[in-house]
């Protein structure tokens, strides 16, 4: 053989502005306090969809103590749609599950999360021997119970409106008397988290970094009225 000159070409096609809106929602079970030795600790959470959406994918998440995770959509007509059920959760094999076809979920659909945890000596994945009390936290020796929902809406404007509406439910799940902005999990998408933090600071009337019951009620009334 011998060297030859080549001439390559590259073709690019540019699309127009996006004509659909993509965003994410979280289903959260934020209140976790698993006693040592408890082999069947159940955590529940829910989110209500504020408008019609298409669900493209789901990504459930927990740490080493979770053994069973189920997420189900309950539609306004009383029917139910199973979204995912993992009967033997393994932290090392977590991933995103994309549906063959997007699932249409109408406004006011309630998405329920139910995860079961095993904090006993009989759990071979338990990182603590002997078992210790485990609460919500970022470390893998802590625990989480959440599911990311990949949401498709008719337009980018619809996606932004959806994010504003769903943010109220995140606050309701995490803000209790004596809570602070650090209670919001880092898994909440950054734009939503920053908006929530700004609202939190606005309603922290005494500036002590903690929301008391009156401040929480005023904050939620404001958000619901927007």
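The values are calculated or read from the model by the stated rules, or taken from the named source; none is laboratory data. Nothing here was measured: the structure is a model prediction, and the numbers come from that model. Here the Cβ is made from the backbone with ideal geometry for all residues, glycine too, and neighbour counts use every protein chain on show.
Things to note:
- Qualifying residue in the stretch 8-20 (condition: at negative phi and in contact with a strand residue (DSSP E or B) (Cβ under 8 Å, 6 or more places away or on another chain)): yes
- Taking first residues from the stretch 207-221 that are in contact (Cβ under 8 Å) with a residue 12 or more places away in the chain and partners that are assigned to a strand (DSSP E or B) and surrounded by 14 or more Cβ atoms within 10 Å (Cβ to Cβ), the Cβ contacts under 9 Å between residues at least 6 apart in sequence or on separate chains come to 210/179; 211/179; 216/179; 219/211.
- Some residue of the stretch 137-155 being modelled with pLDDT of 80 or more, under 16 Å from the mean Cα position of the chain (by Cα) and exposed (fewer than 13 other Cβ atoms within 10 Å of the Cβ): yes
- Within the stretch 89-127, if we keep just the residues that are out of contact with any strand residue (DSSP E or B) (no Cβ under 8 Å at 6 or more places or on another chain) and farther than 27 Å from residue 56 by Cβ, the residue that is surrounded by the most Cβ atoms within 10 Å (Cβ to Cβ) turns out to be 126.
- Test for residue 207: is it exposed (fewer than 15 other Cβ atoms within 10 Å of the Cβ) and at pLDDT below 75: no
- If only residues of the stretch 78-87 that are surrounded by fewer than 17 Cβ atoms within 10 Å (Cβ to Cβ) and touching a residue at least 24 places away in the same chain (Cβ under 8 Å) are counted, the one that is nearest to residue 122 (Cα to Cα) is 84.
- Scanning the stretch 210-226 for residues that are modelled with pLDDT of 70 or more and assigned to a helix (DSSP H, G or I) yields a count of 10.
- In the stretch 34-55, the residues that are surrounded by fewer than 19 Cβ atoms within 10 Å (Cβ to Cβ) and either at pLDDT below 95 or within 19 Å of the chain's Cα centre (by Cα) (or both): 42, 44, 46, 48, 50, 51, 52, 54
- Pairs, first free of Cβ contacts under 8 Å to residues at least 24 places away in the same chain in the stretch 1-18, second assigned to a loop (DSSP other than H, G, I, E, B), C-beta under 8 Å, six or more apart: none
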